[in-house]
Amino acid sequence: MKTSYPRIRNVRPKAGADAFRMGNSGFGGTAYVAGGDASDAMIDFQPSLRGPDAEVLPNRNKIVARSRDMVRNNGWAAGGIAKEVDAVIGASFRPLFKPDWKALGLDVEWASEFKVQAEGRWRNYADDPRRMADRTRSQTVSQMFGMAYRSYLIDGDALGVVGWMAERPTRTVLRVMDADLLSNPGDAADTDLLRGGIEIDGDGVGVFFHFRETHRTPGYASLDAFSWKRLPREKRWGRPVVLHFFDKLRDGQTRGVSRLAPILEKLKMEDHYGRVELQAAVINAVLAAFIRSPMGPEAMDEMFGDGDGAGFLAYQEARSGYYKERDGVRLGNARITQLYPNDEIGVVPTARPAAQFAEFEGAVLRHVAAGLGISYEQLAADWSKTNYSSARAALVEIWRSWTQRRIAFSQGFCQPFVMAWMEEEIDRGFIRLPPGAPDFRENWTAYTRAKWIGPGKGFVDPVKEAQAAAMRVSLGLSTLEDEAAELTGSDHLENMEQIQREIALMPEGTLHPAEESFARLLGHNAAPESYDDRRADR
C-alpha cells in the first residue's frame, strides 16, 4: 500500500519582531541573554572593555575622596569600617613565630627556643610605649598596622616605608604612608612603565615607587608638594623597603580600589533620604499646631484693597492684642487658650518618619553589609530578630571572610616588615643562630614564618563553644594553640605559663579550675581525680 505524505512548502522567516527574536536566540545572534540587546534591561547596558588600570586609575581620586567623605560623615560607613578593622587587626596584632626547622635542617628544640626569644624581642619592640618603631613616634606597631588596614579599606591601598634610624634603640622603623602621596612625578600622565606612581619593569613588577614629599593640598604653605622621592621596592640583597598591599583583581592592575566603591551610591542615597526624613520629623515636632483665621481669599483681597491694607493691619493688631491680654483658662498644669472670635486651632499631621522608612533603610543596609562582607545585624547593631542558630551561622560566615583578609594582609604587609626587623636582630646579635645554621638572607621566609593573631572570634554561647573546642582538640581536629588564638586571640603558651603559676599558688587541697573542669567540658559524668592523685602524677 502506497503511503502519501503531505507536501512541505518552503517557508520564509517572518520579518519584524519574530525574526528579531530568532536572531537573538542563536541564528546569527547570541545564545545568552546577557550578550544580546533584545531585553529592555540590556539595551542601555553597554559597558566597554578596558584594561585594569584604565578602569581604576582615571577616577581613583574621585572614588577615594567620596569614600573618605562618606566615612567621615555617615555613621553606617564609619561603623562598618571600624568593625572590620577591630575584628581583623584589633588592639594587639602580633606574630606567633613558627620557624620552618625542617627546611632549615635544624631541630625542633632549636625552633622552640628561637620562638620564645624572637617573640620576646618583638613584644619589647612592637609594644614600646615610647613608640620607637614608628618613624613619627605616634603609634605602636599594632596601631600602625590598623591604620594601614583602614587605608586599604577606604583608599584601596595600604602603603608603608621601612626606614633605618641609627639613633633609635632598634634602628628599623616603619612609616605608614598616605595613599595620595604615591603618584607620578610632576603629575605626569600614565605610561606603560609608570602608572599610579609605580615604575614597572618588563615582567610587570613594581620596582620603584614615587612618593610626593607632602600632600597636594596640605593646608599650609609648602613647596614639598612639587617634589617627589623615588624609593626601591627592596634593597639589592632583599631587605623590604616599600610595603604595598591591595586587592589585585586582574592581571596588570597597579593600584587598588576602595572597598566602599560598589556600595557608595546606595550609601549616599540612604544618607540623603535619612537626612530628609529627620528634617521633616524635626519640622513636624516644632510646628505642632497653628491658629487658623476664618478669613478667606475674598475677605483678604477686600481688606488689603481698603486703605492700602490699613483694615488688615488693624485686624491683625486686634488679634495680637487679644492673645497677649489673655493667658487662657488653666486646668492643673494644662492651659486652654481662649481664641479670637471665629479662630480655630489646626494640628499638623505627624506622618514622619514615613511608614516605609525603616523598611527602606533596612534594605539599603543589607546591601551595604553584603558589600562590606559583614552581616546586617553587625552593621546595624540590630539583633532583635536573631536567634542563636542564625547568629552562629552569620558569625561562622563572617569569620571565614575576616580570617582570609587577616592572612592576606599579614602576608602582604606585616610579614615583610617582620623580615626587615629580624634581619637587624640577627645582624646585631640579639637573636642568635646556631653554628652552621643557613644564612638568614638566603632563607628569609623559613626564619620569619609566623601565624598572626588578633582579636578572637568571641562567643555566642560560651558553654557550647568551649565544649566544642575541647572536643575538637580531643579528636585531633584542632590544637590548643589554634583554639586559643581563634576564640580569645591569646597565645596558648602564655596561657599555660600563667596557669602553671596559678596552680602553684592554689591553697593545699584545692584544684585549679583547669585541672578540675576539663572532663566536665567534654561532657563526662565521672568524678575528677582527687587532688592528691593529680599532684602525684605531676
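The values are calculated or read from the model by the stated rules, or taken from the named source; none is laboratory data. Not measured: the values here are computed from a predicted model. Counting neighbours? That spans all protein chains shown, and the Cβs are built from the backbone with ideal geometry, glycine included. Protein only, heavy atoms only, side chains kept; ligands, DNA and RNA dropped before computing areas. Shrake-Rupley method; radii C 1.70, N 1.55, O 1.52, S 1.80 Å.
Give me the net charge for the shell around Glu486: Cβ to Cβ below 14 angstrom, other residues only, Lys and Arg +1, Asp and Glu -1. Its environment carries a net charge of 0. Heavy-atom accessible area, probed at 1.4 angstrom with all protein chains present, ranks Ile374, Ile43 as Ile43, Ile374, highest first.
Rolling a 1.4 Å probe over the protein chains gives Tyr273 an accessible area of about 50 Å². Tally Lys and Arg at +1 and Asp and Glu at -1 over the other residues with C-beta under 11 Å from the C-beta of Gly256: what net charge comes out? That works out to +1. Quick check: Cα centre of region 228-286 to Cα centre of region 203-227, how many Å? Here the two parts' Cα centres lie 19 Å apart. Length gained on full extension, Thr479 to Met506: 7.0 nm, using 0.36 nm per residue less the C-alpha separation.
Taking amide H atoms as placed 1.01 Å from N in the peptide plane, the amide H of Val173 lies under 5 Å from those of Gly163, Trp164, Met165, each 5 or more residues away in sequence or on another chain.
Please list Leu433, Leu182 in order of solvent-accessible area, largest first, computed with a 1.4 Å probe with all protein chains present.
Result of the area sort, largest leading: Leu433, Leu182.
If packing is taken as the average number of other Cβ atoms within 10 Å across a peptide's residues, how do 472-478, 130-136 rank, most packed first? Could the numbers behind the result be given before it?
On the way: 472-478: 11.7, 130-136: 16.7.
Taking the mean over residues of other Cβ atoms within 10 Å, the ranking is 130-136, 472-478.
Each Lys and Arg adds +1 at its Cβ and each Asp and Glu adds -1 at its Cβ; summed about the Cα centre, region 421-504 shows a dipole of about 160 debye.
Count charges around Leu372 for me, please; just the other residues with Cβ under 9 Å from its Cβ, Lys/Arg as +1, Asp/Glu as -1. All intermediate terms of the calculation are to be shown ahead of the outcome.
On the way: positive: Lys83, Arg259; negative: Glu84.
Its environment carries a net charge of +1.
A 1.4 Å probe over all protein chains sorts Ser48, Ser92, Ser384 by accessible area into Ser384, Ser48, Ser92, starting with the largest.
One quarter of the surface of the convex hull around the alpha-carbon atoms of region 177-293 equals 13.6 nm², the direction-averaged projected area. Rounded to the nearest whole Hz, the Karplus-based 3J(HN,Hα) values (6.51 cos²θ - 1.76 cosθ + 1.60, θ = phi - 60°) of region 483-496 follow the sequence 5, 5, 5, 6, 7, 10, x, 10, 9, 4, 5, 5, 4, 5, with x at glycine and proline. Close amide H pairs (under 5 Å, H built 1.01 Å from N) link Arg212 with Leu182, Ser183, Lys229, residues at least 5 positions away or on another chain. What is the distance in Å between the Cα centroid of region 426-465 and that of region 66-82? Value for the Cα centre distance between the two parts: 34 Å.
Which of rounded, prolate, oblate describes region 108-157, given a ≥ b ≥ c as roots of the alpha-carbon gyration tensor eigenvalues and a/c under 1.5 marking rounded, otherwise prolate only if a/b is larger than b/c? In terms of gyration-tensor shape, oblate. Whole-Hz Karplus values for region 95-104 come out as x, 9, 5, 9, x, 7, 5, 5, 5, 7 Hz, taken residue by residue from phi with 6.51 cos²θ - 1.76 cosθ + 1.60 and θ = phi - 60°; glycine and proline positions read x.
Checking the a/c ratio against 1.5 first, then a/b against b/c, what shape does the Cα gyration tensor give for region 89-184? In terms of gyration-tensor shape, prolate.
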